[in-house]
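The structure appears right after this line, and notes come after that.
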Amino acid sequence: MMTEPAVTLNQVGKSFVGLKVLSGVTFDVRPGEVHALLGENGAGKSTLIKIMAGLHKPDEGEILVDGKPVSFSSPREAHHAGIATVHQELLLFPELTVAENVFLGQTPKTPWGGVDWTRMRKRAGELLDSLDSHDLDVDARVGSLSVANRQRVEIARALSQEARVVIMDEPTASLAEADVLRLMDIVRRLKARGVGIVYVSHRMPEIFALADRVTVLRDGNHVGTHDIGDVDETKLVSMMVGRAIDKLYPVKQGTSGETILELKDVSYRSIVRNISFALRTGEILGIAGLVGSGRTELALTIFGITPATGGAILLDGKPVTIGSPGAARDLGIAYIPEDRGLQGLIRVQTVTENIALANLKRLTRGLFVDSGKALAEAKRAITQFGIRARGPDQVVRQLSGGNQQKVVLAKWLATNPRILIMDEPTRGIDVGAKAEIHQLMRKLAGEGLAILMISSELPEVLGMSDRVMVMNSGRIAASFEGKDVTPEVVGAAMTKVSARDAA
Amino acid sequence: MTLSKLLRHETILALLTVAALIALAMLSDKFFTTSNLLNQGRLMSEVGLVALAMTFVIVTGGIDLSVGSILGLTAILLGVFWKNVGMPLPLAMVAAVVCGTAAGIGNGFIITRFRVPPLIATLATLALYRGLAEGISEARSVRGYPEWFYFFGQGEIAGVPVQLWVLVICTVIAGVILGFTPFGRATYAVGANEVAARFSGINADATKMWIYGAAGFLSAIAAVIFVSRVTTTRSDMGTGIELDVITGVVLGGTSIFGGKGTIVGTVLGLVLIQALKNGLALSGVKGDGTIVVIGVVLIAAVLAGAILDRNRGGS
Amino acid sequence: MSVAVVPIRSGRSGFQRFVTGYGQEIVVALSIVALFIVVGLYNPRFLNDTNINSIFAGNAYIAVAAIGMSMIIVAGHIDVSVGSLIGVIATISGTLAVSGYPIWVAWLVPILFSIAVNAGVGALVAYMRIPSIVVTLGMLSILKGGLISATGGAWISDLPPAFMIAQARIFGVASPVYFMVVLTILAALFMRYTDFGRAIYAVGGNIEAARAAGLNAERTTVGVFALHGLFAGIAGILFATQLQVIQSTVPPNLELTVITASVIGGVSILGGTGTVIGSTLAAILFATIGSALIFLNVSAYWLRAVLGLLILATVLADMIRRRRST
């Protein structure tokens, strides 16, 4: 069983602009094994796999392929060494066909040196067949495919390069449950072929189902490597966060007041279907669900980005129409979006400018923006939320993830909302800042704010929420309160394929 | 810290402009005369007016190639409304400006409603609006405007050309709007990250509609001044003006990617271009030859900016 | 799991692939055919030799320039200076021809000049990361201003007859038609069957993915600009030699006509898709529409308005199609 590793990283380290992101990490993959790589965001996982894929050069340490030291100066050289990556952001060409995406850069050639389209289509078909993806049309434009199918194209691409090691970066992060099962099946097929797989994921069930070994990183350091049989979930989590999980969340107060927001049969096209629930002041209502279950889409509907196409939204018992984010804000609804860099912040602008953005109306005196007042508010926010910035004039791009999130929070709390929707409030944030944000959420709820929290992290949902709703296929699949909430029941509701949708 | 960064391009440009003015003054004794400078102001008014709106357009990350065609269309409509339709001239002026503004709003509609990239949308309307001007006029020019009409393009108030007053007033208004009002903040936000702007409750589509509408409006005002200045209406008026305008705006430090730029910069860019054109002409360089320098200055300025950015480690 | 299911690999027939892959090209080609039939029925003189020859030969240089422009746009860039460049090429070429240089020098040197200029533009775009619209805008001023200040817009006449390659006829068909057809076919094969051609699509479609696939995006960009320079150079020579005299000015609005031909032919301004066959067909379509309006007794003054509407309709249709497919 103990075969020689196909690829070994020995004591590698890497710094970016003086900041050490990886130091002294040793990691290896053997042929035919699945080696899971775990760690919180910012732990150094992506740097590690980028070094393996030839995108970064390590500052220290060495890379060994079949025991021989190598040095990759480009992704192409890593490909030649048999290392392929299935990227999280799926690096494909949307305008080109499936076949060409599989072979681009290494197309089969006709005798006179031209691209051999016939052979390329045939071989792409064969590769996809070997991945049990017979339904994937080799002539389809990749841009027209679902995320799961695009991912299969990337895996086929890795196989076309005769890869011996395939790095999968959070491959299930944006897949629906049925697709996750298919992907796991594909991973097992690769493994059976003798391909070594580096599997980066946050999802414990997958790791325990697939992995042979697991390595945990924290703050750029190697915490440990274990056979999967030697660890359990609690152990892995404590290795990742460096302390026991039950201290992570503030104590619940359970002092919810009266209903402030009520949804009755709210729908948006066929993505959000007949949602009814009530949100009370002073409570944190958690929404769990897989990506694509409609939870973010529900938030976007309440916030007016995709206004409801059916049903009624009641605020303080009175029906309201929310046709735009501006209207939502004026009704006292705030939304901390899922994608901080794209939706939450204007990264090239300053802390002051960002905080002012949702409050321009209030900060305007006569015709002009009162920049003194905007600056004063930014300064106050920096102290109040402990935003670690050089000052209100610093460009937010330069802040850490946690501090960026605090800027988004400060922007929206400055609008004096009564309802706060938080979508993945702590994604990509280090442990310390995460705890600060959790405490802040609890404090805000204590002050009477109604909070609707969407999260992919089950521990966060369970640790923070007073009540939990589970979404599945655009509907509310289950609701839990108090002691009913356990990881098992919530997880089951999340992944249950309802008869209606399977048909 | 950020302020100095923002001002950096404008500072370089201001120094460059002053240097050019001094050099030109030394090269030709005719350059620094009041009459020459005022005349240059007269000549840059039409481009300048359009450039004010174009600054907003480019700050939102867009572009408007159709401004020259809107200018031509407005000029033709002015003549047709007055001569062929028989409107009184003041009414014809208003009607023509309304049509020019509508043309700009049309651009905004295509861009916001159908999500057509501004470059391609306004490329299409460049052909369409110019085509309408040609079709309506059938290459006939309109002349013989009453004497009072020439006030806008040839008259003076307190010794300063009328259109220069218009330009100065509009510049101040545009500068204040972009720099100090919520609308200006929204313009930058939309240009830097439209999604985040929308998620912050800003109506990005409305912002853009206003801006493209304003580009149509100012192009139409420029058309009236143009017709008044040259005393005739032709369908090819304003051909190629979009390139002069965009050159001025980009030279003024407005990023073609959006999110960055100031009215001060645009004005400096325009002044530098006009000074170079004039100065070279005075030192004997023939007419259109001066635009070579503009091309060189444009590329050099952007290149310098790119190199500075790289050295600063920005992306 | 008892019975092995023999899966059917889904695929498309050659015909289906042709229709989905060349949708825009087929639409443009059918429009040309339809125009010829309709206008020919209305006025048979539309279909006589002279008219057809003038439609095709007189506009071939636009089609040739649009080939290079299509490559540029597929790569995710744009060139607004091509009209000025063609004017400069024509003037250099004519000047060399009347100054007693061998004819082949008068043809070749301007083409090399064009390649060099565009490779320089490509280098600024690729390595200095300056947007192509800014560089080519500057280039437009430099070329146009340089041309007029050097020549004063003078006419070059007394050109040697052997220089007039665009006036030659083979089997009764004007030579520019051959240039147009052969260059389009060569370029189409190049774009479809060479690694470089495919790299242009890859870089224009997703530059990050292209880099991850090991392509050198910068070199591809410089290369595609140089190729564009080659086609612009040939277009310039065809333009220079089609009349007895060369006017040393920039043909008005030529860059817009060329860009428009590329876009109508199915090249998406967003990059990554489109073919050179489409742009050539679109250039022919424009010329046909222009001629048809005359034969239909529609005032030629409305030509550009019709073209404008056509562009707008094409672009809107493209955007609506895109939104439906994603």
Listed pairs A:Lys379/B:Lys260; B:Lys83/B:Lys277; A:Lys50/A:Lys122; B:Lys83/B:Lys208; A:Lys406/A:Lys496; A:Lys379/A:Lys443 exceeding 29 Å between Cα atoms: B:Lys83/B:Lys277; A:Lys50/A:Lys122; B:Lys83/B:Lys208; A:Lys406/A:Lys496
Distance from the range A:64-111 to the range B:233-300 (C-alpha centre basis), Å: 46 Å
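Roughly how many debye, to the nearest 20, is the charge dipole of chain B about its Cα centre, given +1 on each Lys and Arg Cβ, -1 on each Asp and Glu Cβ, and no other charges? Numbers along the way, then the final one.
Values: 20 positive and 15 negative charges, 80 e Å.
My answer is approximately 380 debye.
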Cβ-defined net charge surrounding A:Phe103, 9 Å radius [Lys, Arg +1; Asp, Glu -1]: +1
Cα-based reach from A:Lys57 at 19 Å (exclusive), listing lysines while leaving out same-chain residues under 8 positions away: A:Lys14, A:Lys20, A:Lys45, A:Lys68
Shape of the range A:20-93, Cα gyration tensor, a/c cut at 1.5: rounded
For the range A:197-207, Karplus couplings with θ = phi - 60° (6.51, -1.76, 1.60), whole Hz, Gly/Pro x: 10, 9, 10, 9, 7, 9, 8, 4, x, 5, 4
Estimated 222 nm signal from helices in chain C, with DSSP H stretches of n ≥ 4 weighted -39500 (n - 2.57), rounded to 500: -23500 deg cm²/dmol
Rg(Cα) / (2.2 N^0.38 Å) computed for chain C, rounded to two decimals: 1.07
Amide H contacts under 5 Å for B:Gly259, placed H, 5+ residues apart: B:Thr60, B:Gly61, B:Gly191, B:Ala192
Cα centroid of the range B:58-131 to Cα centroid of the range A:169-230, whole Å: 59 Å
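Relative contact order of the range C:175-284, please, whole-number percent, based on alpha carbon pairs below 8 angstrom and at least 6 residues apart.
Here the relative contact order equals 29 percent.
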Residue exposure sequence - B:Ser137, A:Ser456, A:Ser73, A:Ser130 - by fewest surrounding Cβ within 10 Å: A:Ser73, A:Ser130, A:Ser456, B:Ser137
Straight-distance crosslink candidates among lysines, where the alpha carbon sits under 17 Å from A:Lys483 and sequence neighbours closer than 8 are dropped: A:Lys252
Positive-end residue of A:Ile271, A:Val216, A:Val369, charge dipole of the protein assembly as shown with Cβ unit charges: A:Val369
Karplus-derived HN-Hα couplings along the range A:281-289 (A = 6.51, B = -1.76, C = 1.60, θ = phi - 60°), whole Hz, x at Gly and Pro: 5, x, 10, 10, 9, x, 10, 9, x
Long-range HN-HN contacts of A:Arg30 with modeled amide H, under 5 Å: A:Ala6
Set of lysines with alpha-carbon distance to A:Lys264 below 22 Å, sequence-local pairs under 8 removed: A:Lys318
Size of charge dipole - chain C - debye, nearest 20, with Cβ of Lys, Arg +1 and Asp, Glu -1, no other charges: 840 debye
A:Ala178 versus A:Gln398: modelled label distance in nm, points set 7 Å from Cα along the beta carbon direction: 5.0 nm
Neighbour-limited loop hits for chymotrypsin sites (Phe, Trp or Tyr not before Pro), the range A:37-132 (at most 15 other Cβ within 10 Å; DSSP other than H, G, I, E, B): A:Trp112
Neighbourhood net charge (14 Å Cβ-Cβ; Lys/Arg +1, Asp/Glu -1) for A:Val266: +2
Ascending count of other beta-carbon atoms within 10 Å, so fewest first, for B:Tyr212, A:Tyr335: A:Tyr335, B:Tyr212
J(HN,Hα) series, the range B:22-32, from Karplus relation 6.51 cos²θ - 1.76 cosθ + 1.60, nearest Hz, glycine and proline x: 5, 4, 5, 5, 6, 6, 9, 7, 7, 5, 8
Dipole magnitude (debye, nearest 20) for the protein assembly as shown, charges at Cβ of Lys, Arg, Asp, Glu: 920 debye
Amide hydrogen neighbours beyond the local backbone of A:Ala173, cut-off 5 Å, H modeled: none
Exposure proxy ranking, count of Cβ atoms within 10 Å, fewest first, for A:Leu357, A:Leu131, B:Leu91: B:Leu91, A:Leu131, A:Leu357
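Any read-out appearing in this document is the output of simple, stated calculations on the displayed coordinates, not a laboratory observation. The shown structure was predicted, so the numbers you read here are calculated from the model rather than taken from an experiment. Heads up, the Cβs are rebuilt from the backbone with ideal geometry, glycines too, and the neighbour counts pull from every protein chain shown.
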